[in-house]
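The structure appears right after this line, and notes come after that.
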Amino acid sequence: KARETADSRSARKPANGFDDANLWRPSFSPSVFSIPLFLAYAVHTDCLQAVETEDVHAGDFVFGDGDACTSIRFIVNGELGYTHATVLMEENVDYPIGSVSFGIFRRFRSERGGSWNVGHSWSTGSSLEDKMATRLSQGQWLSEAVLWSVWEHAGTLKATTAGTCALLPSASFEEAIKLHPPVHWLSVLYARQFVIHMNKMPMSDLFEPPDVNKWKPEAQDCIVQTDASLPWEDELPKHIKSNVVKDCLRLAHDVARNGLDENRPHHGFVLIVGDEKALAVCGKSGFNPFFGHDLRIDNPGAHDTLRRNAFHADGAIVVDGITGRVVASGWFVGDIRLGGSGGGARSRSAKAVAQQAGDCYVIKASEDSRGKLVLHLGTKTQAFNGTLRRAPPAPP
């Protein structure tokens, strides 16, 4: 790159007149995992070859709600206005037949009894619509969702001034990243997070990329570790011993990776290590086969007993953090509000109970896990996949 000459740079400028800086620099955002990651220099040439340009004039209608989307659209110059379909319906904005797809209008009309007037021309527009539109200019983009899912537009886009857009077809983008395995791998991680984030938001072509600092561990891949240290070992509360957590974590990883006895797959599980007495007021177990018994997690044969009698049931397995005694299976936490609103019931429950009873060490495996676990301690969360370091043998 450093030795690249001016002639070579000129030779690789696309025929459409856009060079790297003109086209991609405006799309950079503070998040390293935003769009530019996948249009980085490892793949930018492949992507640029697939870029299509679109010139617009003031007043041009670009797309409408419900129209099929096949490309992400970058604003190269000029100004466009995007109006979400719900705004159009709520404000009774008028549109001509044939100019706008009425997909979302039909949905809202059936639910709310709305109607529309078709007497105006799109070129004249609506002053109200112009006021409600989100203005887009150089460096902004729309419809990123088409790169990661099947997408149709959720609003209308109209040119406010003359300008140019650059369109990257999703099919071409997919083919480009396949040529670069590291970028392909990163884009898969990003796509998982994007879809999780997207499902929490109103459907829109304008979408803020997910914050890399808030990526959900359930959707992250993690490297398989060997001889790993126990996460947060130095931060364990007084009512949790590290050797108890390690025994539980080894068992959980083995079940997540290899399934249950007789080659039966597991169906996801949660294992809670905490203060037995404090947890008694945080939840309860329906049928508890371990009530009145003194099975310890480090007893010979304890792991086999738990495989047969605990991991196949709904609800969590509870282990006392000091003694290692198996307190219950089929246990359910009473209040999951601390678990937030995202994810399934198991994920929210695991996150919630980790912050109760003076903090618990919670180990969760999803139904499709083949070794990966999600760990919680208080408000801390991380993914884990591997084997723990064994203590050295005691000297003779």
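The values are calculated or read from the model by the stated rules, or taken from the named source; none is laboratory data. The structure displayed is predicted, hence computed values, not measured ones. We place every Cβ from the backbone using ideal geometry, glycine too, and count neighbours over all the protein chains shown. Areas reflect the complete protein model, heavy atoms only, side chains present, ligands, DNA and RNA absent. Shrake-Rupley method; radii C 1.70, N 1.55, O 1.52, S 1.80 Å.
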- Report, by residue number, each residue of the stretch 299-327 that is out of contact with any strand residue (DSSP E or B) (no Cβ under 7 Å at 6 or more places or on another chain) and at positive phi. G301
- Note on the structure: With the first residue restricted to the stretch 260-287 and required to be under 14 Å from Q355 (Cβ atoms), and the second required to be loosely packed, with under 15 Cβ neighbours inside 10 Å and of a type outside the set (F, W, Y), Cβ contacts under 7 Å at 6 or more apart or on different chains are C282/G334; G283/G334
- Per the filter on the stretch 228-257, residues out of contact with any strand residue (DSSP E or B) (no Cβ under 8 Å at 6 or more places or on another chain) and surrounded by 14 or more Cβ atoms within 10 Å (Cβ to Cβ) are P237, K241, S242, D247, D254, R257
- Tally the residues that are within 28 Å of the chain's Cα centre (by Cα), in contact (Cβ under 8 Å) with a residue 24 or more places away in the chain and over 23 Å from K246 (Cβ atoms), restricting the search to the stretch 316-340. 4
- Query: So which residues in the stretch 346-396 are assigned to a helix (DSSP H, G or I), free of Cβ contacts under 8 Å to residues at least 24 places away in the same chain and open to solvent by 10 Å² or more (accessible area, probe 1.4 Å), if there are any at all?
  - Reply: R348
- Somewhere in the stretch 209-227, is a residue assigned to a loop (DSSP other than H, G, I, E, B), open to solvent by less than 70 Å² (accessible area, probe 1.4 Å) and at pLDDT 80 or above? no
- Query: If the Cβ limit is 6 Å and pairs must be 6+ apart or interchain, which residue in the stretch 238-259 that is farther than 17 Å from A228 by Cα pairs with which residue that is of a type in the set (F, W, Y)?
  - Reply: I240/Y361; V255/F311
- Exception for R264 within (1) at pLDDT 95 or above; (2) open to solvent by 20 Å² or more (accessible area, probe 1.4 Å) falls at (1)
- Message: When you check G330 against the structure, is it open to solvent by 20 Å² or more (accessible area, probe 1.4 Å) and at positive phi, yes or no?
- Response: no
- Item | Every residue from the stretch 149-190 that is open to solvent by 20 Å² or more (accessible area, probe 1.4 Å), small (G, A, S) and touching a helix residue (DSSP H, G or I) at 6+ places or on another chain (Cβ under 8 Å) | S149, S170, S172
